1. Within region 258-355, which helices (runs of 4 or more DSSP H) (wholly inside it) include 2 or more residues that are among the basic types (Lys, Arg) and either in contact with a Cys (Cβ under 6 Å, 6 or more places away or on another chain) or surrounded by fewer than 22 Cβ atoms within 10 Å (Cβ to Cβ) (or both)?
2. Please count how many residues of region 1-46 are assigned to a loop (DSSP other than H, G, I, E, B) and at pLDDT 95 or above.
3. Regarding region 85-92, can at least one residue be identified that is at pLDDT 95 or above, touching a Leu at 6+ places or on another chain (Cβ under 8 Å) and part of a helix (DSSP H, G or I)?
4. So residue 161 passes all but one of these: (1) within 28 Å of residue 74 (Cβ to Cβ); (2) crowded, with 16+ Cβ neighbours inside 10 Å. Which condition number does it fail?
5. Regarding region 67-75, can at least one residue be identified that is crowded, with 21+ Cβ neighbours inside 10 Å, under 19 Å from the mean Cα position of the chain (by Cα) and of a type in the set (A, V, I, L, M, F, W, C)?
6. Residues in region 243-266: is at least one at pLDDT 80 or above, of a type in the set (A, V, I, L, M) and either over 21 Å from the mean Cα position of the chain (by Cα) or over 22 Å from residue 16 (Cβ atoms) (or both)?
7. Taking region 178-207 on its own, how many of its residues are under 16 Å from residue 265 (Cβ atoms), in a helix (DSSP H, G or I) and of a type in the set (A, V, I, L, M, F, W, C)?
8. Is there a residue being part of a loop (DSSP other than H, G, I, E, B), at pLDDT 85 or above and more than 30 Å from residue 76 (Cβ to Cβ) anywhere in region 212-227?
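The values are calculated or read from the model by the stated rules, or taken from the named source; none is laboratory data. Quick caveat, the model's predicted, so the values are computed rather than measured. Cβ placement follows ideal geometry from the backbone for every residue including glycine, while neighbour counts extend to all protein chains displayed.
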Amino acid sequence: MTTKPVSPPKIKNIQALRGVAVLLIVFFHLAVIEQKYGGSHTLLPDFCQFGMFGVDLFFVISGFVMVTVTRGKFQRPGQAFTFLYHRVSRIYPLYWFYSLLVLAIFLYQPSLVNNSQANQVDIAASFLLLPQQHLPLLMVGWTLVHEIYFYLVFFLFLFLPEKFLPAGLVLWTTAIVLLHPLAIPGNDPLLQLVLHPLTLEFIGGCLLASGTVRRKKIPAVCCSLSAALLIFITAVIAFMLKWQGAELINPSGWQRIFFLGIPAILIVFFLIQAEQRHFVLPGSLCRIGDISYSIYLSHVLTLNLLGRIWAGFAVDTTIDNLIVLPIMLLSVIAVGYISYVRIERPMIALSRKIA
C-alpha cells in the first residue's frame, strides 16, 4: 500500500540560500575577471575564491529538494517518470540555449573557449551533459553533469519503497567511500563521475530531508550544536587558509567534502530549523534565488564580455575597478532576470504544457 502524494512544503530559506549560492559563484568569477582585465591593483580579496562554496550549497540543496518533492511518490512508475521529465526539462533547454551561444563563439574563434585546456571541447558530450575529460562548452556545465547523474540514480530509487531510501543512500555512500580509489585521475570519465566524492553532498541533502520527515521540529539545543559546529569548522578553514596559503582555497576530492561539503550541509540544516522558529532570510535573496539558474548559466558570458570591454580602457589604478565591478555585478543580475523572464520561464511553461 502506497501513501498519498503530498505537496512539498515551501521553505523560503532554501530559496534564499540559492540566491546566496549563486552570488558566491558570481563573486568567485568576478574576482577572476578583475585579475585578468583590471590591472595589477585589484579590489576584490583573494578570499573571493571561496565563492566556489556556492556549488557545494547548490548540491546539498538539490539533494534536499529531491527528497522533499518526491515524498509519497515512491513505487509509482508514472510519478517516477514525471520526476525525471521535470528534472530533465528544467536543466537542458536553458542550458542548450547558452551552450549554442558558446558554440557559435567557438566556431567563430576557438581560442575564446576553454583556452585553459588548449581549447579542447567534446561538443556532443557537452550538449548531452555526459562525463568527459575536459570542461563542457559552457564551462559551468561540469556541475550539471553531476546533477544529471544524481537525478538518474535518484530516479531508480523511486521504484523502491520509500522507507528504504535512507538505507539505500547509506549503501550508496559506502560504495563511493570504498571504491573511490578505483577512480584514478585521467581514467574513464564515467567511473570518475560515479565514484566522485561530490555525490556525497547530494546524499547529505537527501539524508537531511529524510531526517526532517520523521521529526518536523528539531530541539533548539540541536540547532545550537549545529551552529557551534559550523562556527568551529569555519574557524578551522580560516586557520588552514592562513597557514597553508592558497592551496586549500581550491580544495578537491575528499578535502572539498570536509572543508566545503560538511559546512554546506550544516548551513542548510540550520536555516531550515531557523525558519521553523520564524527566522527568514531577506526576500531579496529569495528573488535572486528564483532567477539563480539563469544567473548561473549566463554570468560567465556576461562577465567575459564586459571584461573584454573593460580591457579597452582599463588603467593600472583602482579607480576604474570601483566603477566597473558594481556595474558588472548589476549587469549579471539584470541579464539573469531578463533570461529568467524571457527565456527560462517560457521554456518551463512549454515543457509543462507538453507534459
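1. Where helices (runs of 4 or more DSSP H) fall fully within region 258-355 and carry at least 2 residues being among the basic types (Lys, Arg) and either in contact with a Cys (Cβ under 6 Å, 6 or more places away or on another chain) or surrounded by fewer than 22 Cβ atoms within 10 Å (Cβ to Cβ) (or both), they are 345-354.
2. The qualifying residues number 0.
3. Among the residues of region 85-92, at least one is at pLDDT 95 or above, touching a Leu at 6+ places or on another chain (Cβ under 8 Å) and part of a helix (DSSP H, G or I), which makes the answer yes.
4. Unmet condition: (2).
5. yes
6. yes
7. Summing the residues that are under 16 Å from residue 265 (Cβ atoms), in a helix (DSSP H, G or I) and of a type in the set (A, V, I, L, M, F, W, C) in region 178-207 gives 5.
8. No, there is no match, as no residue in region 212-227 is part of a loop (DSSP other than H, G, I, E, B), at pLDDT 85 or above and more than 30 Å from residue 76 (Cβ to Cβ).
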